[in-house]
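First comes the structure, then the notes that go with it.
The values are calculated or read from the model by the stated rules, or taken from the named source; none is laboratory data. Just so it is clear, the structure is predicted and the values come from calculations on it, not from any experiment. Note: ideal-geometry Cβ built from the backbone for every residue, glycine included; neighbour counts use all protein chains shown. Areas reflect the complete protein model, heavy atoms only, side chains present, ligands, DNA and RNA absent. Shrake-Rupley method; radii C 1.70, N 1.55, O 1.52, S 1.80 Å.
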Amino acid sequence: MPARKCCAPVASHRFPLASSCEPPIESFVFNTPTPPIQCSQNTVTWEGGVAPFTFRRNFDRTFVIDSGIAERSRTWFVNLPSDTEIEYVLEDSTGAKAPSVTVVVQPSTETGCL
């Protein structure tokens with residue numbers, strides 16, 4: 001984390017010479033996701049944001065929401081057929097949203113989960 005810059009003193013009604021400093025703005029983005037493979041585990045990771053997180057997967061007019069995530073990753077089982085487009089959406093506890101990412105499920109010889 002970068003060092004904080006010097007803050008200028010400001011006056012307030014409770015503290016006449018209180019210091020006010022905004023924390024550095026950190027980017028909130030998905031790391032380059034590994035394409036999901038049908039009938040296998042997939043882990044999605046991200047940087048920035050403030051926990052807890054809400055991670056949503058949108059596909060075929062359906063969405064799955066995982067909320068209350070404390071870490072900066074989520075592993076899920078891909079029980080979707082190949083060529084399914086999935087949009088990953090991520091929101092942090094402040095309401096900030098990472099830019100969404102779209103991935104396509106890759107084929108596999110494993111089909112028992114479909």
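Looking at segment 92-105, which of the residues that are β-branched (Val, Ile, Thr) and over 16 Å from THR45 (Cα atoms) is most open to solvent (accessible area, probe 1.4 Å)? For segment 92-105, the residue satisfying everything is THR94.
So that you can scan it fast, the table gives a plain yes or no per residue for (1) of a type in the set (Lys, Arg); (2) surrounded by fewer than 15 Cβ atoms within 10 Å (Cβ to Cβ); (3) touching a His at 6+ places or on another chain (Cβ under 9 Å); (4) at pLDDT 95 or above:
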residue: SER40; (1), (2), (3), (4): no, yes, no, yes
residue: ARG56; (1), (2), (3), (4): yes, no, no, yes
residue: ALA70; (1), (2), (3), (4): no, yes, no, yes
residue: PHE77; (1), (2), (3), (4): no, yes, no, yes
residue: LEU90; (1), (2), (3), (4): no, no, no, yes
residue: PRO107; (1), (2), (3), (4): no, yes, no, yes
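Checking each residue in segment 36-91 for being of a type in the set (Val, Ile, Thr) and part of a loop (DSSP other than H, G, I, E, B) picks out VAL50, THR84. Given the structure, is THR62 open to solvent by 70 Å² or more (accessible area, probe 1.4 Å), β-branched (Val, Ile, Thr) and at pLDDT below 95? No, not satisfied.
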